[in-house]
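Q: Sharing a structure with you now.
The values are calculated or read from the model by the stated rules, or taken from the named source; none is laboratory data. These numbers come from a predicted model, not from an experiment. Note that each Cβ is placed from the backbone with ideal geometry, even for glycine, and that neighbours are counted across all protein chains shown. These area figures cover heavy atoms from the full protein model, side chains too; ligands, DNA and RNA do not enter into them. Shrake-Rupley method; radii C 1.70, N 1.55, O 1.52, S 1.80 Å.
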Amino acid sequence: MRTTPETFGVASRRRPRLNKVPEVTLYFWIIKILCTTVGETAADFLNVNLKLGLTNTTYVMSGLLIATLIFQFRARKYVPGLYWLAVVLISVVGTLVTDNLTDGLGIALGVTTAVFAVVLAATFAAWYLSEKTLSIHTIFTLRREAFYWLAILFTFALGTAAGDLVAERLNLGYWLSAVLFAAMIAVVVVARFPFRLNAVLAFWIAYILTRPLGASLGDYLSQAPADGGLGLGTVGTSVLFLVTILILVVYLTITRRDATASVGASKAGGPEHELAGSFRNS
């Protein structure tokens, strides 16, 4: 029998803790883009089609997000269904935050883009000063998870503002906008792998860029042909993408292909050098 400190009833400080977020695989990026698209179309559906209005839609979705995050924080490990539900909801709320500032308060997109960029940078700075790491492979404490989800929220808000700003300034249309943002992500991938761009920086830049990419795809599929879309509508597009997300999440729940364990608790507070894995594919 293998002898460990636990064998004698002694808690081991080196025992690994389970990471609360998924490994960054190809599945991660596919579901992330799908969630982003749903965030765009669902916000439009609730706001316009159901006539809830921007304010009521914000209240409803924020309440659902808070409830989901309570369960997410209480979970002891990464649960695919719970995690990705939180991402879907936070994508909607992040979109609504920007929409409230621009459409509700009339703040220019250039201003909101700059403000969210500064706020996101401040979040990363506070995260690093507090934890001495920005690793997404060691999200197993309440504080680290709080920083993680706060950063996720601001990436969606920033991605929405920056994407709308580019679309407004360049007036490219939905399809060409999607191509543009996909090309920008490709540049990040090239910078990451052949040229060894910092893994954390590459990950978060790509994470931000998937927001306008997903929004452009969502608009292209949902908007009427007269407006440059395919005319599937917000309901059809949302259902299509939600079903796809559900299939992938069920698959990951069964196979656990994107589940990882973090480093030992004894290393939890120090600098880590595992960040190179934070932008790799399956």
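Q: From the phi angles alone, apply the Karplus equation (6.51, -1.76, 1.60; θ = phi - 60°) to the range 169-185 and give each ³J(HN,Hα) in whole Hz, x where the residue is Gly or Pro.
A: Computed from phi, the couplings for the range 169-185 are 6, 8, 6, 7, x, 5, 5, 5, 5, 4, 4, 4, 5, 5, 5, 5, 5 Hz.
Q: Continuing with this model, one more query. Report, by chain and number, residues whose modeled amide H sits under 5 Å from the one on ARG17, excluding near sequence neighbours (fewer than 5 apart, same chain).
A: Distant-sequence amide H within range of ARG17: SER262, ALA265.
Q: I've got another one for you. State the extension gain, in nm to one decimal, for the chain segment bounded by VAL60 and LEU170, taking 0.36 nm per residue of separation less the distance between their alpha-carbons.
A: Between VAL60 and LEU170, full extension yields 36.3 nm more.
Q: Turning to a different aspect of this structure: Lysine pairs, Cα distance under 22 Å, 8 or more residues apart or cross-chain: how many in the chain?
A: Qualifying lysine pairs in the chain: 7.
Q: Please name whichever of PHE195, ALA167, VAL79 sits farthest to the positive end of the charge dipole of the chain, dipole taken about the Cα centre and charges placed at Cβ: Lys and Arg +1, Asp and Glu -1.
A: VAL79
Q: Leaving ligands, DNA and RNA out of it, work out the accessible area of ASP44 with a 1.4 Å probe and give it in Å² to the nearest 10.
A: We get 50 Å² for ASP44.
Q: Same structure, new question: For the range 142-206 and the range 78-139, what is the centre-to-centre distance using only Cα atoms, to the nearest Å?
A: Rounded to whole Å, the Cα centres lie 12 Å apart.
Q: Would you compute, from DSSP H runs of 4+ residues alone, the mean residue ellipticity of the chain at 222 nm, taking -39500 (n - 2.57) per run and dividing by the full residue count, rounded to the nearest 500?
A: The helix-only estimate for the chain comes to -22000 deg cm²/dmol at 222 nm.
Q: Name the most mobile residue of LEU129, LEU246, LEU89, meaning the one with the largest mean-square fluctuation, in a Gaussian network model of the chain with Cα contacts below 10 Å.
A: LEU129
Q: Another question, if that's okay. Modelling each spin label as a point 7 Å along the Cα-to-Cβ direction, I'd like the ARG196/ASN49 distance in nm, to one decimal.
A: Inter-label distance under the simple model: 5.0 nm.
Q: Using 7 Å Cα-to-Cβ label points, what is the THR244/ALA186 separation (nm, one decimal)?
A: 1.9 nm
Q: To continue, here is another question. Can you give the longest run of the chain that contains no trypsin sites (Lys or Arg not before Pro) sitting in a DSSP loop with at most 16 other Cβ atoms inside 10 Å? Please report the intermediate quantities before stating the final value.
A: On the way: sites that count: ARG2, ARG13, ARG14, LYS51, ARG76, LYS77, LYS132, ARG196, ARG256, ARG257, ARG280.
With trypsin sites (Lys or Arg not before Pro) excluded where exposed in loops, the chain gives 133-195 as its longest stretch.
Q: DSSP loop chymotrypsin sites (Phe, Trp or Tyr not before Pro) in the range 160-203 with at most 15 other Cβ atoms within 10 Å of their Cβ, which ones?
A: Of the chymotrypsin sites (Phe, Trp or Tyr not before Pro), the ones in loops of the range 160-203 whose Cβ has at most 15 other Cβ atoms within 10 Å are PHE195.
Q: From the backbone phi of the range 162-168, what are the Karplus-calculated ³J(HN,Hα) couplings (6.51 cos²θ - 1.76 cosθ + 1.60, θ = phi - 60°) in whole Hz, Gly and Pro given as x?
A: With the stated coefficients, the range 162-168 comes to 5, x, 5, 5, 5, 4, 6 Hz.
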